[in-house]
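Trainee: Dumping the structure here so I can ask a few things about it.
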Amino acid sequence: MYRIWSNRPHLQPETETDDTCDENDVGGLGKYSHKDTGLIHQHYVEQVVSAGCFNVHCTESAEAKHKTCMRLPAKRVRHGRQNDTHASMTAYMCRRELFRSIQISHMPDPDKRTRCPPKPGVRLPLSQSTRWGPQMVTMNVDLTSPDAQRLFLHPGARIARVELLDLVCGVLGMAKSVASYRALQRLSWVLGQKLCSPSGITYWSTDSEYNVFRNSAGQARRDCLLLSGTENIPVTLPNGHVVTRRTAMCCQAVCFITLGNLSLLPHHAIPARLQSEVNEGS
């Protein structure tokens, strides 16, 4: 690095790379790789006269290379006698260049690697603690009994069994009656907290099974979904004006359900709009 002093004798140089005069100042952002010290000398005329080009006196690339070939191995090897330390640093740089060349030439780009989407379906079944240990929540009870109908599914899914039965009857186009409840009792029910859709999107409805800590209240995540369809309703603005806005209803996921053995439903055909969603009777 050249040591260039200011031609203004009444001022002390701020750095060893001060320009000789203000006419050589080319501006810029005032940010350098070495904090407030600029390493690129701006003596264009002197450079052309002495070397025939502009970039031979640039020390930016050399100083940047020192960070790799000097500072990096110095932090990675064990220091001892001068020759031993020098040999260790040289060996470290040889191995680094070798494996970097192998990685660049042979290893695939991590952004281009294909990842298999998760298998669609309901995951993490609801379970509850019993005297015999954790037991999976099922619907294998007498669904025609009022006592069983009024029971909640789970502390994390606060919906009564009769409410769920009515929802399923509405989806399947069945009457909300005891006979329908008895027919739905033949199905296999899987109640879970995680849903992997065929499109690769994952939805959650859990207070305890989400594997990323969210807050001090627990590992909770309940996704909010936008219901299909919109409606124009009058809305009062803060200034008192009433305008018509298009709105839609949202809902929060409570749990996810897989219904199996649909072929056991007596004398009832699956609605046409659900035929494409039935896979192996579920």
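Trainee: Give me the pairs: first residue in the stretch 85-96 and among the aliphatic types (A, V, I, L, M), second residue not in a helix (DSSP H, G or I), beta-carbon distance under 6 Å, and six or more apart or on different chains, which are they?
Mentor: Final answer for the pair search is Met89/Val77.
Condition check ((1) at pLDDT 85 or above; (2) among the hydrophobic types (A, V, I, L, M, F, W, C); (3) closer than 25 Å to Ser188 by Cβ) across all residues:
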{"site": "Val235", "(1), (2), (3)": "yes, yes, no"}
{"site": "Asn239", "(1), (2), (3)": "yes, no, no"}
{"site": "Val242", "(1), (2), (3)": "yes, yes, no"}
{"site": "Thr247", "(1), (2), (3)": "yes, no, no"}
{"site": "Cys250", "(1), (2), (3)": "yes, yes, no"}
{"site": "Leu259", "(1), (2), (3)": "yes, yes, yes"}
{"site": "Ser263", "(1), (2), (3)": "no, no, yes"}
{"site": "Arg273", "(1), (2), (3)": "no, no, yes"}
{"site": "Val278", "(1), (2), (3)": "no, yes, yes"}
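Trainee: Take Leu184 and decide whether it is in the same structural domain as Leu143 (by TED's automatic domain parsing), within 30 Å of Arg150 (Cβ to Cβ) and at pLDDT below 85.
Mentor: Values: in the same structural domain as Leu143 (by TED's automatic domain parsing): yes; within 30 Å of Arg150 (Cβ to Cβ): yes; at pLDDT below 85: no.
So Leu184 fails the test.
Trainee: With the checklist (1) more than 21 Å from Leu264 (Cα to Cα); (2) modelled with pLDDT under 85; (3) outside the structural domain of Arg78 (by TED's automatic domain parsing) in hand, flag the one item Ala160 doesn't pass.
Mentor: (2)
Trainee: Which one of Ser282, Ser228 is surrounded by 13 or more Cβ atoms within 10 Å (Cβ to Cβ) and either in a loop (DSSP other than H, G, I, E, B) or touching a residue at least 40 places away in the same chain (Cβ under 8 Å) (or both)? Lay out the reasoning, then the answer.
Mentor: Details: Ser228 fails: surrounded by 13 or more Cβ atoms within 10 Å (Cβ to Cβ).
Just a single option satisfies the conditions, and that option is Ser282.
Trainee: I would also like to ask the following. For the subset of the stretch 115-157 comprising residues that are surrounded by fewer than 12 Cβ atoms within 10 Å (Cβ to Cβ) and within 29 Å of the chain's Cα centre (by Cα), which member is modelled with the lowest pLDDT?
Mentor: Restricting to residues being surrounded by fewer than 12 Cβ atoms within 10 Å (Cβ to Cβ) and within 29 Å of the chain's Cα centre (by Cα), the top hit is Arg115.
Trainee: May I pose another question? Failed condition for Ser50, given (1) assigned to a helix (DSSP H, G or I); (2) modelled with pLDDT under 85; (3) surrounded by 12 or more Cβ atoms within 10 Å (Cβ to Cβ), with all others met?
Mentor: Ser50 satisfies every listed condition except (3).
The values are calculated or read from the model by the stated rules, or taken from the named source; none is laboratory data. Being a predicted model, the structure only gives us computed values, none of them experimental. Because the Cβ atoms are built from the backbone with ideal geometry, glycine has one as well, and the counts that use them run over all protein chains shown.
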